[in-house]
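Written below as structure tokens is the structure these notes are about.
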Amino acid sequence: MTLKYLIQKEFIQIRRNAFLPRLIVAFPIVIMCVLPWVMNMEVKNVKVTVVDNDRSTLSQQLVHSVEASNYFIFKGQQPTYQAALQEVEHSRTDVVMVIPQDYSRDVTLGREPQVLIAANAVNGTKGSMGASYLTQIVTAHTRPEVTAMQSRVSTLFLYNKHLNFKLFMIPALFAIVMMLMTGFLPTLNIVGEKEAGTIEQINVTPVSKWSFILAKLIPYWIIAVFVITVCLVLAWAVYGITSVGPVWLIYVLALALALFWSSFGLIISNYSDTMQQAIFVMWFFVVMMLLLSGLFTPSRSMPSWAYATTYVNPMSYFIDAVRTVFVRGGGLSSVWHQLLALLGIGTVMGTWAVLSYKKNS
């Protein structure tokens, strides 16, 4: 019965807060409706400037192919390479393509003309992908036999056949919502009661540490179920994307991640004296875990020492598992090791949260 009233107290505190109920409802809505559009790793709208030294019919066909591509913004032609380079230096173009003077003659004679592609690699991804797109267009015009050979190669994209980046990012956004909602709110819980002085009323009661910490954790597990439901509904209503795998498994993974973040937040709250201190400590770990989780870039692309951190990073396990279920349609047999890792790390953190709470402080 004691646990029941403690949980009731937590919900009363959340309801009396003028900001938290609105945050719990609005935050997953904003994340799901905005971020899938802006968190897009596809390289488009690459600005291209052309220097046509040949000025022949064949060279103009190449220029028109570049101009017609959906990946490029054609910024016109410059008379010389130096003039085009000035455009790059002033950030008015990203890639310069220089067509040599004997381009049409070499193509007619079956030779390979030396087309120069100069890319602004300050943004390495944009520069390399823009140069790659241009190279494919140039190859199609100068080496038709290569294009014919490529046309005989069939490519089958599994699970995400249209290469829809939103389908790839939406499961990862579940992790961001869970991290911020079930991580930061518990971080401010106990330390907030310390600053308000209400923690002393709990310390003089016979309530056990286990009951006290469990009462702090359960409301955030319920919040986790709510925000995941909102995210799944919005993914279906806004983008027409639904989970290929079992939905109940997504809830199980979300609760396992909520166990970790809520426990971790309470640990930081137990050791912190002020809310400012708790926020900064939590923000440090959130940024590190997020960047090392493989959410934005493949974790295998990281150095070996950085990849080793994924073995103790619950965000990495959750993102891998939820993408397997949501996109690929995997079942429990496909994600059992990620689920066990999440439960193991969460149990350790939950035990630490209980032991770190000093009831007589």
For a quick size check, give me the Cα extents of segment 1-157 along its three principal axes, largest first, whole Å. 90, 42, 21
Provide the percentage of antiparallel DSSP beta bridges, counting only those with both residues in the chain; round to the nearest 5. 30 percent
I'd like the distance separating the alpha-carbon centroids of segment 310-342 and segment 19-96, in whole Å. 35 Å
Assign unit charges at the C-beta atoms only (+1 for Lys and Arg, -1 for Asp and Glu), then state the dipole size of segment 1-113 relative to its Cα centre in Debye, rounded to the nearest 20. 1180 debye
Just need the relative contact order of the chain here, percent rounded to a whole number, with Cα pairs under 8 Å and 6+ apart. 18 percent
Please list 345-352, 67-74 highest first by mean number of surrounding beta-carbon atoms within 10 Å per residue. 345-352, 67-74
Using a Förster distance of 41 angstrom, determine the FRET efficiency expected from the C-beta separation of Tyr5 and Val30, and round it to 0.05. 0.75
Which FRET efficiency value, to the nearest 0.05, is calculated for Trp221 and Arg105 with the Förster distance at 56 angstrom and r the Cβ-Cβ distance? 0.20
³J(HN,Hα), Karplus 6.51/-1.76/1.60, whole Hz, each residue of segment 280-296, x for Gly, Pro: 5, 5, 5, 4, 4, 6, 4, 4, 5, 5, 5, 6, 9, 8, x, 5, 8
For segment 210-220, 3J(HN,Hα) per residue [Karplus equation, 6.51 cos²θ - 1.76 cosθ + 1.60, θ = phi - 60°, Hz, x = Gly/Pro]: 5, 5, 5, 5, 4, 5, 6, 7, 4, x, 6
Between Gln82 and Ser301, Cβ-based FRET efficiency (R0 30 Å, step 0.05) works out to 0.25
What shape does the chain take by its C-alpha gyration tensor, where a ≥ b ≥ c are the square roots of the eigenvalues and a/c under 1.5 counts as rounded, a/b above b/c as prolate, and the rest as oblate? prolate
Using 18 Å as the cut-off for backbone N distance, which residues of segment 248-280 belong to the label zone defined by a point 7 Å from the Cα of Trp352 along Cα→Cβ? 256-273, 278-280
What's the extension gain from Tyr159 to Asn53 if we count 0.36 nm per residue and subtract their Cα-Cα distance? 33.6 nm
Pull up all non-local amide H partners of Phe72: gap of 5 or more, or a different chain, and H-to-H distance under 5 Å with H placed in the peptide plane. Asn45, Val46
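No value in this document is a laboratory result; all are computed from the given coordinates. Keep in mind that this is a model prediction, so the values were computed, not measured. FYI the Cβ positions are ideal-geometry reconstructions off the backbone, even for glycines, and counts take in every protein chain you see.
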